[in-house]
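These notes concern the structure reproduced below.
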Amino acid sequence: MLKIRAFLTALLICWALAIPAITQQHQAASQKPQPRADLPVTATITDYTDVTDDTGAVQRIFMQIRSDGAGGYTNSSNLQSIIQGASGNWYLVTANSLTRHVFLDFSKPIAGTGPDGGAPVAPFNSALIGASLISKCHLYNNDLFTIPAGTTVNCPLTIFFSDSGNDYLLQMNPVIGAYVFPETDYVNFTCNQAANGQCNNWTIEPNGARGGCVTADCSLKQNVARLNKLVPIKGKSGSKIVVNQGDFYLTFSISVTNP
């Protein structure tokens with residue numbers, strides 16, 4: 001009988017000691033940070049900039065990435081405009097929209113960079129097109145949510161689009177990822193404003209390390225970008241290879257805000 005009582009007493013003591021531990025584990029689980037949700041944003045693409053030269057004359061310089069003239073791009077059922085919660089990457093996808101497009105201009109080819117070292121080949125000189133602009137900043141260990149205000153970081157920028165039954169990849173990524181082209185430039189993401197420790201206002205512009213300056217004061221830069229055709233591989237469904245179409249200079253300025 002004494003042995004039974006001793007056993008029950010020991011069991012009660014162990015049970016009593018276990019309750020705080022279980023409670024602490026439950027509290028820790030309930031306090032675990034929740035995954036970030038995707039953040040809907042408005043992307044505003046600048047079409048041109050006016051520059052005053054030394055004589056006082058104003059020169060209007062058009063960007064190679066421009067808008068469709070219908071205002072900012074906001075997230076909707078058929079247009080994706082977000083900062084991705086899981087990765088902190090930027091997505092602007094107009095390919096599924098019937099009303100919103102992006103204007104692409106290939107009027108600044110770089111000689112000798114096309115197929116077999118010839119002239120670059122673009123599907124058009126300039127056109128409004130359904131396009132997907134994707135910047136996977138996480139590849140460069142950057143998170144758009146956590147950039148401090150006033151800080152600029154480097155990211156790649158990929159533009160997918162289709163024309164006349166062909167798929168194309170316009171790439172600015174010299175360092176790491178699925179499609180790396182060392183001669184290209186990365187893009188600059190600058191955090192303009194933050195609240196509660198989270199950036200909510202960004203500017204996307206050329207880095208220009210290889211593309212150089214467009215204006216004398218270098219207030220406007222241009223990037224080198226590689227255009228590739230995505231060609232299906234025979235016998236391999238869904239697989240494609242990239243075929244070089246040449247390098248082009250691109251100027252652009254995109255504002256991303258929440259909301």
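Checking (i) 134; (ii) 212; (iii) 165 against volume of the Cα convex hull per residue in Å³ calculated from these atoms, the matching label is (ii).
Pick from Tyr168, Tyr91, Tyr179 the residue whose mean-square fluctuation is largest in a GNM of the chain, springs joining Cα atoms under 10 Å. In this elastic network of the chain, the residue with the biggest mean-square fluctuation among Tyr168, Tyr91, Tyr179 is Tyr179. Rounded if a/c is under 1.5, else prolate if a/b beats b/c, else oblate: with a ≥ b ≥ c from the C-alpha gyration tensor eigenvalues square-rooted, which is the range 69-170? Taking the square roots of the gyration eigenvalues as a ≥ b ≥ c, the range 69-170 is oblate. On a 0 to 90 degree scale, rounded to 10, what angle separates helix 2-30 from the longest Cα axis of the chain? Taking the Cα atoms of the chain, the angle to 2-30 is about 20 degrees.
The accessible-area ordering, largest first, of the residues Lys234, Lys108 stands as Lys234, Lys108, per a 1.4 angstrom probe. In the context of the full set of protein chains, the range 59-185 has a per residue accessible area of 43 Å² (1.4 Å probe). Considering only Leu98, Leu128, Leu230, the mean-square fluctuation computed in a Gaussian network model of the chain, springs between alpha carbons under 10 angstrom, is largest for Leu98.
Nonpolar atom fraction for the chain, defined as the carbon and sulfur part of the 1.4 Å probe accessible area, stands at 55 percent. When the helices of the chain are scored as -39500 (n - 2.57) per DSSP H run of n ≥ 4 and the total is divided over every residue, the value at 222 nm lands at -4000 deg cm²/dmol.
The values are calculated or read from the model by the stated rules, or taken from the named source; none is laboratory data. Everything quoted here is computed from the prediction, not taken from an experiment. To get the accessible areas, we keep the full protein, side chains included, count just its heavy atoms, and leave off ligands, DNA and RNA. Shrake-Rupley method; radii C 1.70, N 1.55, O 1.52, S 1.80 Å.
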